[in-house]
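Report on the following structure.
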């Protein structure tokens with residue numbers, strides 16, 4: 001099968017277009033602009049502008065209209081940026097497809113599939129286009145997305161398969177007949193558009209904003225009633241009510257939240273962690289257990305065959321990676337492989353019983369397919385046994401596919417009239433299928449003693465962290481489905497190494513500091529898993545796990561913290577739950593057992609992150625609090641079921657994502673507390689002014705408050721939301737699920753600081769003789785509060801640690817925000833035109849010193865409060 005030529009592909013792409021569905025619910029710039037009018041502040045300001053016209057304050061009207069315009073445009077620009085960031089995030093997770101073009105298998109973006117392409121599909125793939133099956137092996141397809149029927153559909157030759165459905169068993173080659181909107185899925189695309197729901201955190205922030213708006217409304221009503229009894233002019237009461245309303249609502253909250261989440265996800269994407277669901281960002285900071293696959297996640301996924309056992313000899317193989325260069329040695333002596341007939345037969349077996357493809361691109365060798373199978377092809381090429389040549393000599397006529405339950409794979413080939421069967425798989429499984437063993441030129445009966453000896457060699461390999469496969473074959477004159485894998489002839493063992501990633505040990509150490517347990521889950525041999533676990537510091541050798549379990553059956557499982565899949569099957573759910581927190585490694589497990597592990601951990605109150613790459617991993621990924629799919633070796637089914645995709649399949653990327661998830665939530669805490677403390681400062685200040693001095697001596701006018709809230713608070717809030725993650729964040733325990741933003745600690749900090757700042761500002765106001773010069777007194781209060789914004793913005797980089805410990809200059813955006821605040825404040829205070837609008841008067845040096853000392857006192861106060869809370873063992877009560 002040659003497939004299409006590159007020239008023909010270009011023609012068909014022009015004719016039919018890209019293989020993609022048109023989005024019906026794409027967010028346009030008009031929608032984003034209209035969304036700005038859902039901000040409650042916009043309507044408060046609109047009401048203020050109407051009242052300004054009503055009472056004859058035309059200058060106020062135009063200033064408020066300008067501020068209103070500024071808020072809408074700023075919100076639009078920032079949200080548009082956030083939307084674009086999310087769009088680029090979606091593009092990173094582009095699906096791929098394998099096609100045959102110009103006689104070679106190629107991996108291409110799914111959108112480049114065209115009618116006439118030959119698809120190469122296997123278990124776990126999402127079908128990229130409507131196609132007709134032309135070759136098939138045990139094919140079953142999940143068509144629930146189209147039919148609603150959960151039971152997989154058996155497909156045979158000449159049957160149709162449809163875009164968007166998934167292969168859950170078997171494999172096939174298929175001819176594409178329709179792409180994009182012409183597919184069956186394309187015709188019903190409008191019915192499957194996903195709706196992005198708000199996460200619990202977004203709902204909490206929205207609810208908090210409404211509560212604060214309600215407080216503002218109640219305050220306005222109370223002041224209005226108070227003013228009526230005091231016979232205050234209606235104009236003054238309206239201005240005070242508006243001042244309170246503007247002061248109480250933290251208008252920067254929704255925008256800062258949107259930017260923090262979207263740009264935080266974008267930042268994680270650059271670090272190879274693609275977050276598919278916003279909820280995962282919140283949950284990441286609460287993860288207490290990571291269940292990670294060994295191969296490719298903890299290890300490099302760069303399999304290299306280093307040892308081969310055949311003919312009672314162990315051959316050492318040189319060379320690393322996928323480059324087909326290497327030699328064979330026995331006891332340090334180079335051997336001529338062509339004189340080793342059984343070695344050659346074993347190498348032919350592993351190359352033919354193989355679905356991977358070795359290819360060279362721009363001078364670099366790589367594989368398409370499974371890395372383990374790739375390593376087997378490479379070791380064959382080192383003996384000059386190339387897959388393409390062997391397949392011409394031994395054409396494949398059948399296959400029994402590998403599954404996690406069977407743990408083996410078999411292919412059937414013909415050479416003339418002779419039928420040959422080649423099998424590879426887990427040594428203990430292959431040995432059970434073998435009745436004979438090949439030694440030298442003889443085929444002998446396979447004794448039980450011989451099997452025990454080979455299993456010991458297998459264990460020795462595994463203890464050295466090798467992944468081991470058994471290899472067998474047979475010749476047959478006639479085959480039936482029942483006897484294909486019976487009475488095989490054992491050839492030998494192939495031991496390959498997949499070394500741990502260098503950075504994994506450091507990542508596991510970070511998890512230990514952050515009170516996160518790491519559990520290795522693998523289908524590999526128990527000894528291999530233990531060897532890798534010891535290398536990366538997962539557990540200490542000979543360390544006995546202390547447990548209160550008295551059951552002897554369970555105690556033996558806990559001796560070294562390792563449980564195998566067969567042992568897991570012997571445990572009831574209750575028994576598993578009783579020991580699940582002490583197990584470090586699960587070996588020889590099948591994907592379905594991952595679900596039991598997840599459920600047991602969740603029942604013990606843990607927040608579980610589980611990795612997976614296969615079709616059968618999907619249930620565990622869906623049920624885990626954070627399902628993590630592999631971006632390199634993962635199937636489409638696993639990716640669809642996941643909350644997060646690892647672009648590099650690297651365990652340390654998971655830990656980095658958790659660190660960023662913690663940082664994002666902490667940043668949301670910081671800017672929320674910052675904004676609320678600032679707004680309540682203004683509310684308390686106005687309340688003090690009205691109660692102690694009356695309506696005519698307001699410490700700040702509505703326009704002055706509006707300027708602070710719009711120009712001076714917005715940028716610091718956004719800068720705090722994008723504060724870089726600190727290493728120390730992994731030294732804290734995971735956040736409790738469902739924990740609110742305003743915890744007891746945060747509430748104490750916010751309201752204590754707001755009360756202190758309001759008191760300091762009010763003292764400066766009354767000592768400035770407002771009865772003699774109200775403009776001077778208000779100018780000093782304004783300068784003081786802006787100074788508080790500048791000083792305390794830095795302090796809010798941490799709600800518990802001292803600013804002197806975490807550093808002042810780490811957040812460059814915060815430095816920029818402070819510079820902009822300082823310049824804009826000086827402009828409105830000293831440019832005559834703006835000075836008249838905001839009713840300011842110039843301050844002398846002595847007055848500036850008073851304002852700055854007052855502002856700095858609040859900085860010191862917050863440092864003292866944080867010190868007090870650090871030293872206090874229990875959370876302080878809310879005052």
Computed over the chain: longest principal axis from alpha-carbon atoms vs helix 234-248 long axis, angle to nearest 10 degrees, is 30
Over the chain: helical MRE at 222 nm, DSSP H runs n ≥ 4 each giving -39500 (n - 2.57), nearest 500:
-15500 deg cm²/dmol
Which residues in segment 333-362 have a backbone N closer than 20 Å to a point placed 7 Å from the Cα of residue 443 along the Cα-to-Cβ line?
340-353
Work out, step by step, the length gained on full extension between residue 801 and residue 384: first 0.36 nm times the residue separation, then minus their alpha carbon distance; give nm to one decimal.
143.8 nm
The chain: antiparallel DSSP beta bridges as a percent of all, rounded to 5
80
Ordering of 785-792, 276-283 by packing [mean C-beta count within 10 Å, highest first]
785-792, 276-283
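Which order, highest average first, do 359-365, 108-114 follow once you tally other Cβ atoms within 10 Å for each residue and take the mean per peptide?
108-114, 359-365
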Output the 0 to 90 degree angle, nearest 10, between the alpha-carbon long axis of helix 371-381 and the longest principal axis computed from the alpha carbons of the chain.
40
Tell me, in nm to one decimal, what length is gained between residue 140 and residue 270 on full extension, where the rule is 0.36 nm per residue of separation less the Cα-Cα distance?
43.2 nm
For 838-845, 524-531, ranked highest to lowest by mean beta-carbon neighbours within 10 Å, the order is 524-531, 838-845
Fewest to most neighbouring Cβ within 10 Å: what's the order for 665, 16, 338?
338, 16, 665
Nearest-0.05 FRET efficiency for residue 512 and residue 772, computed from C-beta distance (R0 60 Å):
0.40
Structure-derived Kirkwood radius over Cα pairs in Å: which label, when the choices are (1) 31.5; (2) 34.1; (3) 37.1
(1)
Computed over segment 304-497: relative contact order in percent, which uses C-alpha pairs under 8 Å that are six or more apart
22
Whole Å is fine, so just give me how far the alpha carbon centre of segment 643-722 lies from that of segment 266-342.
47
I'd like to know how segment 725-872 sits against the 2.2 N^0.38 Å rule of thumb: what's its Cα Rg over that expected value?
1.22
Over segment 304-497: Rg over Rh, Cα atoms, Kirkwood Rh
0.94
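What is the gain in length, in nm to one decimal, between residue 159 and residue 622 on full extension, counting 0.36 nm per residue of separation less the C-alpha to C-alpha distance?
Answer, rounded to one decimal: 163.6 nm.
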Which angle from 0 to 90°, rounded to the nearest 10, does the C-alpha axis of helix 253-270 make with the longest principal axis of the chain?
30
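FYI, it's all coordinate maths here, none of it is from the lab. Computed from a predicted structure; not experimentally measured. Reconstructed Cβ throughout: ideal geometry from the backbone, glycine too, with neighbour counts over all protein chains shown.
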